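Read through the structure below, which is laid out as structure tokens, and then see the notes.
The values are calculated or read from the model by the stated rules, or taken from the named source; none is laboratory data. Note that the coordinates shown come from a computational prediction; the quantities given were computed from them, not determined experimentally. Using ideal geometry, Cβ is built from the backbone for each residue, glycine included, and neighbour counts are taken over all protein chains shown. Ligands, DNA and RNA are stripped out before the accessible areas are found, and what is left, the full protein with its side chains, is counted by its heavy atoms. Shrake-Rupley method; radii C 1.70, N 1.55, O 1.52, S 1.80 Å.
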Amino acid sequence: MTDSSVYVPPKVWKWKAGGEGRFASINRPISGATHEKELPVGKHPLQLYSLATPNGVKVTILLEELLALGRHGAEYDAHLINIMEGDQFGSGFVAVNPNSKIPALVDRSTPSPTRVFESGAILVYLAEKFDAFLPKEPSARAECMSWLFWQVGSAPYLGGGFGHFYAYAPVKIEYCIDRFTMEAKRLLDVLDRNLAGRRYVCGDEYTIADMANVAWYGSLVLDNLYEAQEFLDVASYTNVVRWATEIRARPAVQRGRRVNRTWGPEEERLPERHDASDFEAKRG
């Protein structure tokens with residue numbers, strides 16, 4: 001007897017529009033623009049188009065840290081991209097990032113505007129441009145780049161894998177949840193063991209590797225990301241919790257986490273950022 005609930009893949013997959021639950025309106029198997037929409041341009045050389053998801057927060061944390069360090073050329077405009085409304089499929093955004101994912105950056109201080117997409121690439125670009133938060137010594141630089149791209153590689157397992165099947169999928173599939181929970185916990189253990197003997201991800205120096213990792217793993221252990229704190233037993237990863245708590249206390253990190261945020265307590269939201277004074281104006 002055949003179990004009718006068992007899925008048998010067809011010889012050629014065909015897209016069934018509207019079949020992906022919460023994200024049905026924005027997920028599709030093709031790329032490119034769906035509508036004409038120019039991107040706004042502010043007054044600063046750096047133009048960021050983003051949303052305060054973990055990937056977006058990586059970049060705003062770095063920009064605020066650069067400004068706190070006195071790198072005044074890092075002043076920026078942060079424009080909100082509402083992914084649930086399909087802003088990422090506008091022609092202007094697709095011209096900056098053909099992959100239609102936030103964040104995307106345009107540096108207008110160069111002879112012709114420079115586009116940078118993918119969060120890891122933006123972190124490296126800005127760290128090199130402003131000579132900060134990326135070690136110069138070859139071994140230390142390699143360590144930093146390794147942990148940066150470890151995070152970039154782990155994000156699909158945390159977000160698209162664990163987060164999707166645990167929190168967003170229209171049905172709970174035990175195999176999928178178990179598969180990605182195992183990987184999420186393995187990744188937490190990798191980071192926890194590394195931090196057992198180090199203050200920061202790469203040692204004694206705070207780098208873009210910390211900013212990238214804290215955006216994801218900090219949210220996982222401190223913010224109940226995917227409402228999975230108890231399920232993943234995140235408190236048991238004591239070194240990750242200690243590290244994330246310390247970084248979260250940095251004023252620049254607190255500012256960076258507010259930029260392009262449209263949810264949560266009102267005082268933590270700053271949908272767009274065009275000047276340093278916007279933070280105080282919003283609180284007022």
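Tabulated values for the structure
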item	result
Residues of the range 43-55 that turn out to be under 18 Å from the mean Cα position of the chain (by Cα) and open to solvent by 70 Å² or more (accessible area, probe 1.4 Å), as a count	0
Top-ranked residue in the range 115-164 [being part of a helix (DSSP H, G or I) and aromatic (F, W, Y); ranked as surrounded by the fewest Cβ atoms within 10 Å (Cβ to Cβ)]	F149
Output for the range 56-74, where each listed residue is open to solvent by 40 Å² or more (accessible area, probe 1.4 Å) and either part of a helix (DSSP H, G or I) or among the basic types (K, R) (or both)	A68, R71, H72, G73
Within the range 175-284, helices (runs of 4 or more DSSP H) holding 3 or more residues that are open to solvent by 20 Å² or more (accessible area, probe 1.4 Å) and closer than 20 Å to L67 by Cβ	251-258, 278-283
Close pairs from the range 26-47: first without any contact (Cβ under 8 Å) to a residue 60 or more places away in the chain, partner part of a loop (DSSP other than H, G, I, E, B) and of a type in the set (F, W, Y), Cβ under 6 Å, at least 6 apart	P29/W15
Flag for S91 being in contact with a strand residue (DSSP E or B) (Cβ under 8 Å, 6 or more places away or on another chain), within 25 Å of W263 (Cα to Cα) and either free of Cβ contacts under 8 Å to residues at least 60 places away in the same chain or of a type in the set (G, A, S) (or both)	no
So S109, is it more than 19 Å from R273 (Cα to Cα) and either at pLDDT 95 or above or buried (at least 21 other Cβ atoms within 10 Å of the Cβ) (or both)	no
Residue list for the range 75-106, filter: open to solvent by 20 Å² or more (accessible area, probe 1.4 Å), over 20 Å from V152 (Cβ atoms) and outside any strand (DSSP E or B)	E75, N82, M84, E85, D87, F89, S91, V94, A95
Residue in the range 18-42 that is modelled with the lowest pLDDT, counting only those that are out of contact with any Gly (no Cβ under 9 Å at 6 or more places or on another chain) and surrounded by fewer than 10 Cβ atoms within 10 Å (Cβ to Cβ)	G19
Contacts under 6 angstrom Cβ, first residue in the range 95-116 being under 15 Å from T34 (Cα atoms), partner charged (D, E, K, R) and open to solvent by 10 Å² or more (accessible area, probe 1.4 Å), 6 or more apart	V96/R115
Any chance V240 is among the hydrophobic types (A, V, I, L, M, F, W, C) and either free of Cβ contacts under 8 Å to residues at least 40 places away in the same chain or over 23 Å from I83 (Cα atoms) (or both)	yes
